[in-house]
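The values are calculated or read from the model by the stated rules, or taken from the named source; none is laboratory data. Remember, predicted model here, so these are calculated numbers, not experimental data. Please note: Cβ atoms are built from the backbone with ideal geometry, for glycine as well, and neighbour counts cover all protein chains shown. Each accessible area value is taken on the protein alone, full model and side chains, heavy atoms only, with ligands, DNA and RNA left out. Shrake-Rupley method; radii C 1.70, N 1.55, O 1.52, S 1.80 Å.
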Amino acid sequence: MRLFIAEKPSMAAEIAKCLPGPASRKDGYINTGGGVITWGYGHILRQAEPDEYDPKYERWRAEDLPIIPREWKLLVADSCKKQFEIVKNLIDQATEIVHAGDPDREGQLLIDEVLDYVDNQKPVRRILLNALDEQSIKKAIVNLRDNQDFFNLKQSALARSRADWLIGMNLSRAFTLAAQRAGHRTTLPVGRVKTPTLALVVRREREIENFKPADYFTVKADFQHSDTVFTAYWKPREDQPGLDPEGRLADKAIAKALLEMLEGAAQPAAVTLCETSEKKEPQRLPPALSTLQVMAGKKFGYDPQVVLDTAQKLYERKLTTYPRSDCEFLPESQHEDAARILGNLSGLAHGELAGWSGKADSLTRSRAWNDKKITAHHAIIPTVERCNYAALSETERNIYFLIAQAYIAQFYPVHVYDQTKAELEHAGERFTANGRIIKELGWKEVYGADAEEKKEDDSTTLPAMTKGDSAEFIRASADKKSTKAPGRFTAATLLAAMKEIHKYVKNPDLKKQLKDVAGIGTEATRATIIKELIERGFLREETKKKYLKPTEPAYLLVDMLPEEITYPDFTALWEDILQQMADGSANLDTFLGQQARFAASLCYKAKGANIPLKGEHHCPRCRKGVLQLRNGKHGKFWGCSRYPSCRASYDDKNDKPDIPVRQTEGQG
């Protein structure tokens, strides 16, 4: 018997439709002529809690930290016990098993861990379902792979899961206890990805609070060559006085003197450089999930979680491919579906998509088709299923639009333009101008203004000039501008920051090394992490634009934690190692040993953490804790928040600690 184990019931039902009949649904599985299909509900197994390793860990105590399991325990989730028994019995009956988890790191683990838990010895094949339409499923069934090919992907998922446990369980306890010793009645969750993400928002808010605007001047001049007037921008020398640290002219008097000198110059300007080169801009790649989330946030203001949920619905309706993808490329074999997909899009009840599709050339092969860039999944694109666009909700239509638009753009030519760079000298000062002439609009026809990133010093048209030509100076001006505070994060821009985390690392050498890392978190978890930070009260959304602002507990958490966990340097490096593990070039045990040592070092730091005391009555004995009202056998009393390290206690007197005068004087 061939047994398919799907990640969830909806996927199992779609596989069943594509197997030979007859099909009959049973309790927890489906019988077909091509095998039996059963399913999980995500993770059927869960990681054991600390007290399930040892009952003593039920009580949080600093002396028990760090907690490092010698052997990792998994337990059947209470809500999945019945389904687990069904799956286990079917595995016992099977002769061959087909792993049908989602085609990503987490999907690989959640079926593999069940097979390992029951000590399966049967042969296991792997089906990769990047789309749930009938054609894609049938093609995937014919092209099953050996599940052993994905062993490294499972190791990477195990490493991520266990590292998160080590950091989350230990540091949450360590720093919560440290905060409570300082009088804060709170629980502080610390996460390997969650905490540096929160710290990004806290630091950005402080930048905004401490920002002081400064004026600067942009000097530009209009010149005429032949019959064409164009604008060029002044470029200061390195030794130019009056510049700010960013190289901008900040001195008003120098700006005024510069204009007077330019206006008073008797000689015309001289062209010192003018060169034109043809530039080609390839098609924008189809999106991975995070790209789609950022695009939808920018264009429609959608929260990343909304984008993921909507993309999941479109996937389950067979209209688009697997949403939790971190890949922006497509398998070369997929190109054969291009004519059919474009034909479907040209019949949509949407004028722009239909029009663009009608003009697309299905034979065009953009850089997106590249088997060397494909792992378990590929970019998000429309499937061969015809879409009833009018039947979609507004949010579904908008997300489908972005996915379809990106796909259509692959079948337009590259964007070609002539780039001209000119340099002029006038009154001993240097000016530069850039211009471009579009030769072929290409794929930018599909994106229009959304594809253009016009720079300040970009002139639309420059005259034909050669080195040594003269140009008539017409006028100069100095535009006064003010520096602006950095913008607050929204959920979409914070997600983009998580993906481009190299921009925020502290170590400059690490910044270069991590440029190619896919950020912190995964495509599937980033939106959830941001949502949890909001739901747990560490971030709040403000105004219609839903800017993210940190709350008081967020400042407390970030301020008390050491930099190793609040800056993204370490966790970004870990993500790099997890990717290496998926590629087979890093070792699980070595990685977890590093994480255990890291957790231990931070637990030690928590004991000496400098945390502001919270409470009206500071402990006069240890002076490191606060007195808190408690109930004992003999009624109310006041005890130190650092108990049992400090055993100071005082009677209650009118809801205040009755501290002897000698001690209160000593306190001062």
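The table for this structure:
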read-out	value
Filtered residues of segment 1-29 (kept if of a type in the set (G, A, S), outside any strand (DSSP E or B) and open to solvent by 20 Å² or more (accessible area, probe 1.4 Å))	S10, A13, G21, A23
In segment 487-522, residue surrounded by the most Cβ atoms within 10 Å (Cβ to Cβ) [restricted to those that are assigned to a helix (DSSP H, G or I) and small (G, A, S)]	A491
Test: residue in segment 247-255 that is exposed (fewer than 13 other Cβ atoms within 10 Å of the Cβ) and closer than 27 Å to G487 by Cα	yes
Residues satisfying the stated conditions in segment 139-148, i.e. open to solvent by less than 90 Å² (accessible area, probe 1.4 Å) and either outside any helix (DSSP H, G or I) or among the basic types (K, R) (or both)	K139, L144, D146
Scope segment 65-102; condition touching a residue at least 60 places away in the same chain (Cβ under 8 Å) and either assigned to a helix (DSSP H, G or I) or acidic (D, E) (or both); matching residues	V87, L90, I91, Q93, E96, D102
Lone unmet requirement of (1) of a type outside the set (D, E, K, R); (2) in a loop (DSSP other than H, G, I, E, B); (3) open to solvent by less than 50 Å² (accessible area, probe 1.4 Å) for I167	(2)
Residue satisfying all of: in segment 612-657; of a type in the set (F, W, Y) and open to solvent by less than 100 Å² (accessible area, probe 1.4 Å); farthest from W60 (Cα to Cα) among these	Y650
Qualifying positions in segment 268-290 - closer than 22 Å to P103 by Cα and either open to solvent by 50 Å² or more (accessible area, probe 1.4 Å) or within 14 Å of the chain's Cα centre (by Cα) (or both)	P287, A288, L289, S290
From V190, V201, residue being touching a residue at least 40 places away in the same chain (Cβ under 8 Å), under 26 Å from the mean Cα position of the chain (by Cα) and assigned to a helix (DSSP H, G or I)	V201
Odd one out for T543, checked against (1) polar (S, T, N, Q); (2) at pLDDT 90 or above; (3) open to solvent by 60 Å² or more (accessible area, probe 1.4 Å)	(2)
Tally, over segment 30-42, of residues that are surrounded by fewer than 18 Cβ atoms within 10 Å (Cβ to Cβ) and at negative phi	4
Failed condition for Q293, given (1) under 30 Å from F489 (Cβ atoms); (2) out of contact with any Leu (no Cβ under 6 Å at 6 or more places or on another chain); (3) crowded, with 22+ Cβ neighbours inside 10 Å	(2)
Any pair with Cβ under 8 angstrom, 6 or more apart, that starts in segment 248-267 at a residue that is closer than 14 Å to W234 by Cα and ends at one that is of a type in the set (V, I, T) and not in a loop (DSSP other than H, G, I, E, B)	R248/T218; L249/T218; L249/V219; A255/V219; L258/V219; L259/V219
Tally, over segment 555-572, of residues that are closer than 11 Å to V202 by Cβ, open to solvent by less than 20 Å² (accessible area, probe 1.4 Å) and part of a helix (DSSP H, G or I)	3
Failed item, numbered, when G183 is tested on (1) crowded, with 22+ Cβ neighbours inside 10 Å; (2) outside any helix (DSSP H, G or I); (3) at negative phi	(3)
Test: residue in segment 575-593 that is surrounded by 14 or more Cβ atoms within 10 Å (Cβ to Cβ), modelled with pLDDT under 95 and touching a Pro at 6+ places or on another chain (Cβ under 6 Å)	no
Where D589 falls short, out of the listed (1) within 16 Å of M169 (Cα to Cα); (2) without any contact (Cβ under 8 Å) to a residue 40 or more places away in the chain	(1)
Selection within segment 420-444 - surrounded by 15 or more Cβ atoms within 10 Å (Cβ to Cβ) and farther than 19 Å from F473 by Cα	T420, R436, L441, G442, W443, K444
Long-range neighbours under 7 Å by Cβ, at least six apart or interchain, first residue more than 14 Å from S156 (Cβ to Cβ) and at pLDDT 85 or above within segment 512-538, second outside any helix (DSSP H, G or I) and open to solvent by 70 Å² or more (accessible area, probe 1.4 Å)	I534/R540; I534/E541
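Every residue, every condition in (1) on the phi > 0 side of the Ramachandran plot; (2) within 21 Å of the chain's Cα centre (by Cα); (3) open to solvent by less than 20 Å² (accessible area, probe 1.4 Å); (4) basic (K, R), yes or no:
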| position | (1), (2), (3), (4) |
| --- | --- |
| L308 | no, yes, yes, no |
| D326 | no, yes, no, no |
| L342 | no, no, yes, no |
| L348 | no, no, yes, no |
| I381 | no, yes, yes, no |
